[in-house]
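Report on the following structure.
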Amino acid sequence: MVNQTERNLYIAQNFTRQLIQKNISPEDVISIHKNAVEQIFPNQMNESQPAYDFLIEVMVHYGMAHREHQSLLQKQAEYEMEMKIATNIQKTLLKTYVPNMQNIDIGMISVPIRKMNGDYVHFFHDGEEYLSVAVTDVVGKGVPAALCMSMVKYGLETLVYAYKDPSYVLEVINRVIEKGVDDSMFVSMFYGCLDVEQNIFSYASAGHEPALHYSAKNDQFFTLEAKGLLLGVLSETNYTFHEIVLEENDLIIMMTDGVTEFRVKEELNSREVITTLIKENRHLSAQQLCQLLYKEIERVQNFKLFDDFTVVILKK
């Protein structure tokens, strides 16, 4: 108050560090300052005391809010670290290996909107004779969905002996999920099996987005409808399968609802957008079609997807 110099400011800064190290609250800092002024300049406190008292009351509430904020920041940092670890574990456990086959061109893309993916794709293949694929979507997000998806994956891996039967696979996975997952968690799945030698594609669905079949001979798309209850709702649920014949240059497009639900431009027919794009670019490889489809739907939705995006394309 007498000598307003840079040195005094430097001393004050050093004193601030001591206060922080001793974990002195903001309101106590004001009290210390008030007491110091009162001792050094007792004649000047009569008018200033109400202002100091008011500031102390303000800082009491500010200090409480500040400490709560710091605690939340610390918890958020811990949560983000846990999420990072969980995400890395999920990427390792749920990594999808796309088979490389001579007669079937396979493309796949799966893009999560959050750190953890609620979609999962699983392939079975027996040399060049059979190829099966499960496209799965958990109704839920975050760590619970990832844990549920892990159960789906390991359930599928135990069904190597029966992967050629779509109905049986869905019925077994349904019982696994119904017994081991919380009642609020449900899973949709489209499961298809291709007999490469007979050119027969059999498929079944558990409440999943219908797949598409492009017939090169007819130059036309057909919807692969298959009714079935979501996995995990009822333990004893029967699923029926259907069959189609694939011919040269035919396509099967399997996807989750993140591909077909346009929330930004609801007036657009999502399936019309998908079929038009694929038909115009059917000469491309399956993987190129997947990438092109992702870019187009991302563009249509103003580069802001609202759900996990997963599409699998088989091209004969």
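Structural remarks
- Scanning the chain for chymotrypsin sites (Phe, Trp or Tyr not before Pro) that sit in a DSSP loop and have at most 13 other Cβ atoms within 10 Å, the longest stretch containing none of them is 98-302.
- Under the simplified labelling scheme, the Q49-N103 pair shows an inter-label distance of 9.8 nm, with each label point 7 Å from Cα along Cα→Cβ.
- Projected-area average for the range 96-315 over all orientations - Cα convex hull basis, square nanometres: 11.4 nm²
- FRET E, pair K227, T96, Förster distance 25 Å, beta-carbon r, rounded to 0.05: 0.40
- Positive-end ranking of P42, L72, Y130 along the dipole of the range 22-144, with charges on Cβ about the Cα centre, is headed by P42.
- Separation of the H283 and D195 label points, Cα + 7 Å toward Cβ, nm: 3.5 nm
- Measuring r between the beta carbons of L19 and I85 and using R0 = 30 Å, the FRET efficiency lands at 0.25.
- Rounded tilt (10° steps) of 286-300 against the dominant C-alpha axis of the chain: 50 degrees
- Cβ-Cβ FRET estimate between E272 and E243, R0 fixed at 30 Å, reported to 0.05: 0.70
- Alpha-carbon centroid distance for the pair the range 1-76 / the range 139-214, whole angstrom: 62 Å
- The label point for T158 and the one for D183, both projected 7 Å from the Cα toward the Cβ, are 2.4 nm apart.
- Most fluctuating residue given options G207, G127, G228, as computed from a GNM of the chain linking Cα atoms under 10 Å: G127
- Computed from Cα atoms, the angle from the helix 166-180 axis to the main principal axis of the chain rounds to 30 degrees.
- Cross-link pairs beyond the 23 Å C-alpha cut-off, checked among K75/K304; K227/K316; K164/K227: K75/K304; K227/K316
Since every read-out is calculated from the coordinates, none of them should be taken as a lab result. Predicted, not measured: the structure shown is a model, and the values here were computed from it. Heads up, the Cβs are rebuilt from the backbone with ideal geometry, glycines too, and the neighbour counts pull from every protein chain shown.
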